[in-house]
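As structure tokens, the structure follows; a few thoughts come after it.
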Amino acid sequence: MTPVKLPEDILDHGVIAGDEHLTVARDRIRETLETLKAQGYESYVFMTCVDHLATPVVERPPERFELVYQLRNMRTHHELRVRVFVPEDDPRVPSVHDLYGPANWDERETWDLFGIVFEGHPNLTRILMPDDWVGHPLRRDYPVGGEPVDFSEDHETWQSTPPEA
Amino acid sequence: MAERRLEQTGVQGMTITRTRERPAEGRGELLTVNFGPQHPSTHGVLRLVVDLDGEVIRGVRPVIGYLHTGIEKQMEALRWQQGVVVTDRHDYLSPPINNLAYALAVEKLMGIEVPPRAQALRVIMSELTRIASHLVWLGTSGLELGAMGVFMYAFRDRDKILAMNEEISGYRMHTSYIRPGGVMADATPRFLEMLEAFIRQMPSCIDEYEDLLTNNPIWIARTKGIGRLPAQDAIRLGATGPMLRGSGVNWDLRKDRPYCGYEQYDWQVAVEDGCDCYARYLVRIREMRQSVRILRQALDGLPGGPVNVDDRKLLPPPREELDTSMEAVIHHFKLFTEGYSPPAGDVYVAVESGRGENGCYIVSDGTHKPRRVKFRSASFVHLQALELMAMGHMISDFIAIIGTADTVLGDVDR
Amino acid sequence: MGVEQLAELLGDNILTTTVGKAIGWGRANSVWPFQFGLACCAIEMMHASGPTFDIARFGSEAMRASPRQADLMIVAGRVSQKMAPVLRQLYDQMPEPKWVISMGACASTGGVFNNYAILQGVDKIVPVDVYVPGCPPTPEDLLNGLMILQEKIKAQGIKPRL
């Protein structure tokens, strides 16, 4: 397993398909990443969000949104994934743009596509979509969009809001 | 006036804008210039808002999203095996490497190991793609800095690679050749002949590019000392690939986190410690030479055997079995109406593309469509380093700096 | 000089045609494309202007970086909702007569990207003369599209667009 000393208040720690991960509470994310950075996880690979709306998984995730921070130790070549669950009705997370440089645009992208608010971010504006766009396209209750295609077997679910929403 | 504009950029820029020097008193006012999204040397639809003090760059704010394709959303609407087609199109200079990242991620989640021949073919396609990607970079960067001839040489040789793609997969660019469970088809004898000829010709072709550029005084004047990215900043800003290796950091996923059996091959990571555009140019040239070296070993040691895993749940049965076996017909039907479903969970796999770390993070909820597919693209990260590299340089050098980052806008905006 | 003298002077060396045909011939063989690469198709467009396919054989090697110097807009790649107004503005900046080739499946119909982000066909915002199929089309396909456009331009003569 990991040679690092893990932060104390982690909620979950495990391995899925060879990838090590740990889960922390939302308000502990900055402290956790600071601790891990001090222990050599200096390389930030990416951060993104997963929308668990109406998931068929039996062991349901505690909240709708899950933020995933992938970190890497360039000396030991270890990778670690830090998860944070974010509730739907209060999608706020502390920003880590000052800890990890590339997190700046990743946080803007996650705000743009998922509507997660990063508190303390210097410029939380849309990055990929036009500035006047309404909605957050990568949420599961946002339709894929486009135009109906003849002979496409399931374009109903593409054009309209999915039934699970 | 100058003060007010600076404050605005502080709001809109990135964190590193805080290091920006303010122009000395009485040096006139900052001029804000819009660069793109349609510009011949922004490598696509990149828009840059540049603050100029005379001709000196005092601030750069990239504005992206002009090629936002919704690829990640599209993949959630497609089945796992259909998604391969879409992966081709996000970083359109290295389609087989994108396929590889996705295929490796799906295989990792399902716990599948592909046969050795498929591994070797994947390495061959990856290295050919890396050369093709570097050739586009070389040709366009040369063109932008006034070396028209290099473009012609580079595209002459790139056409050979695309002809090989066509031979092995039927398509020139978006091959969809590497798929979860193996590769599309076995290499044809003609492909192996073409590859043999290519490996023999390529070193002298790289010599030709070097003759044109490496000691060319204009090229050196335009690239040496331009766009400095010290190693510490490169790591801090998450740079990977030639951007990191051009700053003297020996990090290559093929060596440090090997996949597809890269550990079997004898080759060296190209590292230069000049930290400037010229160093990154040398890294890319040396990488092409190393790729030819890997190709030679992969071709000589190409193992026999199947190119796909023997799993009827993942790949369709051979055509002849459909005539005789009811089971094969059922598998075929199930695969093409429903597809396969990896177990619930999430994995991240990173591979080394021509631009750097090309990663694929997939989340499965146990159904036949992905819950989430995220592409970690190197270009997206490298664009954030653009401001640091360009600060204090002349606007004409900016072209060299944009070129050296080798961003692909499809990869940035996805 | 009278007409008889002129005819005598020129003898058999004269070729008569209509003004429209002469102008169409001239326009068709010097179509200057606008260097407007968007996505994957732009790479194949670069191959078409490279040494193997050599678009110069058709008089279209002068890729212009400014819309004001171009006759032909090759929409090479997918057009996002964010890019669409930019594309229309660039089209408006091109001087008449002007033509548009929609290169590839994405520009023509949205291609595989039938989703919120991509304009489902560039013909929704600019008039398209030739659609080139493929994802991306090979350089031969693009050259074929260019030749079809040349035939169209020749046939249009003096009045390129109504």
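The values are calculated or read from the model by the stated rules, or taken from the named source; none is laboratory data. Here the structure is a predicted model, which is why all the values come from computation and not from measurement. Here the Cβ is made from the backbone with ideal geometry for all residues, glycine too, and neighbour counts use every protein chain on show.
Considering the stretch B:165-182, and only residues there that are within 12 Å of chain C (Cβ to nearest Cβ) and outside any loop (DSSP other than H, G, I, E, B), the residue that is surrounded by the most Cβ atoms within 10 Å (Cβ to Cβ) turns out to be B:Asn165.
Residue check: C:Leu146 meets all listed conditions (1) at pLDDT 90 or above; (2) in contact with a strand residue (DSSP E or B) (Cβ under 6 Å, 6 or more places away or on another chain); (3) hydrophobic (A, V, I, L, M, F, W, C) but one, namely (2). Looking only at residues of the stretch B:301-325 that are among the acidic types (Asp, Glu) and surrounded by 13 or more Cβ atoms within 10 Å (Cβ to Cβ), we find that the one that is nearest to the chain's Cα centre (by Cα) is B:Asp311. When C:Pro133, C:Pro127 are checked against the criterion of being within 26 Å of C:Gln69 (Cα to Cα), of a type outside the set (A, V, I, L, M) and more than 10 Å from chain A (Cβ to nearest Cβ), C:Pro127 stands alone in meeting it. Among the residues of the stretch B:67-86, those identified as within 11 Å of chain C (Cβ to nearest Cβ) and either assigned to a helix (DSSP H, G or I) or among the aromatic types (Phe, Trp, Tyr) (or both) are B:Ile71, B:Glu72, B:Lys73, B:Gln74, B:Met75, B:Glu76, B:Ala77, B:Gly83, B:Val85, B:Val86. Selection of first residues in the stretch B:38-60 that are within 14 Å of chain C (Cβ to nearest Cβ) and of second residues that are aromatic (Phe, Trp, Tyr) and part of a loop (DSSP other than H, G, I, E, B), restricted to Cβ pairs under 7 Å at least 6 apart or on distinct chains, gives the following pairs, ordered by first then second residue: B:Gln38/C:Phe36; B:Val45/B:Tyr66; B:Arg47/B:Tyr66.
Scanning the stretch C:85-105 turns up no residue that is within 14 Å of another protein chain (Cβ to nearest Cβ) and touching a His at 6+ places or on another chain (Cβ under 9 Å).
Against the condition surrounded by fewer than 24 Cβ atoms within 10 Å (Cβ to Cβ), touching a Phe, Trp or Tyr at 6+ places or on another chain (Cβ under 8 Å) and more than 9 Å from chain A (Cβ to nearest Cβ), how does B:Lys334 come out, does it pass? Spelling it out, it is not the case that B:Lys334 is surrounded by fewer than 24 Cβ atoms within 10 Å (Cβ to Cβ), touching a Phe, Trp or Tyr at 6+ places or on another chain (Cβ under 8 Å) and more than 9 Å from chain A (Cβ to nearest Cβ).
Filtering the stretch A:40-60 to residues that are within 17 Å of A:Ile16 (Cα to Cα) and at the interface with chain B (Cβ under 10 Å from one of its Cβ atoms) leaves A:Val50, A:Val57, A:Val58, A:Glu59. Residue-level check: of (1) assigned to a strand (DSSP E or B); (2) out of contact with any strand residue (DSSP E or B) (no Cβ under 7 Å at 6 or more places or on another chain), A:Asp12 misses just (2). The set of residues in the stretch B:328-358 that are farther than 30 Å from B:Gly241 by Cα and of a type outside the set (A, V, I, L, M) comprises B:His331, B:His332, B:Phe333, B:Lys334, B:Phe336, B:Thr337, B:Glu338, B:Gly339, B:Tyr340, B:Ser341, B:Pro342, B:Pro343. Go through the residues of the stretch B:311-327 one by one and say whether even a single one is under 30 Å from B:Gln268 (Cβ atoms) and either in contact with a Leu (Cβ under 7 Å, 6 or more places away or on another chain) or assigned to a helix (DSSP H, G or I) (or both). No, the stretch B:311-327 has no match at all.
Of the strands (runs of 3 or more DSSP E) lying entirely inside the stretch A:39-147, those carrying at least 2 residues that are under 11 Å from the mean Cα position of the chain (by Cα) are A:43-51, A:65-72, A:79-86. Would you confirm, using the coordinates I've provided, whether B:Glu357 is at the interface with chain A (Cβ under 9 Å from one of its Cβ atoms) and over 21 Å from B:Glu76 (Cβ atoms)? Yes, satisfied. Would you be able to say whether some residue in the stretch B:202-224 is at pLDDT below 90, assigned to a helix (DSSP H, G or I) and in contact with a Ser or Thr (Cβ under 6 Å, 6 or more places away or on another chain)? No, there is no match, as no residue in the stretch B:202-224 is at pLDDT below 90, assigned to a helix (DSSP H, G or I) and in contact with a Ser or Thr (Cβ under 6 Å, 6 or more places away or on another chain).
Considering only the stretch B:362-384, how many residues are farther than 26 Å from B:Pro242 by Cα and within 7 Å of chain A (Cβ to nearest Cβ)? So the count comes out to 6. On the basis of being at the interface with another protein chain (Cβ under 9 Å from one of its Cβ atoms), touching a helix residue (DSSP H, G or I) at 6+ places or on another chain (Cβ under 8 Å) and surrounded by fewer than 24 Cβ atoms within 10 Å (Cβ to Cβ), does B:Leu162 make the cut? Here the answer is yes, as B:Leu162 does meet what is asked.
In the set C:Arg68, C:Arg64, C:Arg57, only one residue is over 16 Å from B:Pro40 (Cα atoms), more than 14 Å from chain A (Cβ to nearest Cβ) and among the basic types (Lys, Arg); that residue is C:Arg57.
Restricting attention to the stretch B:187-210, report how many residues are within 30 Å of B:Gly111 (Cβ to Cβ) and surrounded by fewer than 17 Cβ atoms within 10 Å (Cβ to Cβ).
Residues flagged as within 30 Å of B:Gly111 (Cβ to Cβ) and surrounded by fewer than 17 Cβ atoms within 10 Å (Cβ to Cβ) within the stretch B:187-210 amount to 0.
When we screen B:Ala328, B:Ala298, B:Ala279, B:Ala270 for residues that are over 22 Å from the mean Cα position of the chain (by Cα) and crowded, with 17+ Cβ neighbours inside 10 Å, the only hit is B:Ala328. Those helices (runs of 4 or more DSSP H) of the stretch C:29-136 in which 2 or more residues are under 22 Å from B:Trp137 (Cα atoms) and in contact (Cβ under 8 Å) with a residue 12 or more places away in the chain occupy C:40-48. I'm trying to understand the selection: among the residues of the stretch B:137-155, which are in contact (Cβ under 8 Å) with a residue 40 or more places away in the chain and either surrounded by fewer than 19 Cβ atoms within 10 Å (Cβ to Cβ) or within 14 Å of chain C (Cβ to nearest Cβ) (or both)? Listed by number, the residues that qualify are B:Trp137, B:Leu138, B:Thr140, B:Ser141, B:Gly142, B:Glu144, B:Gly146, B:Gly149, B:Val150, B:Tyr153, B:Ala154.
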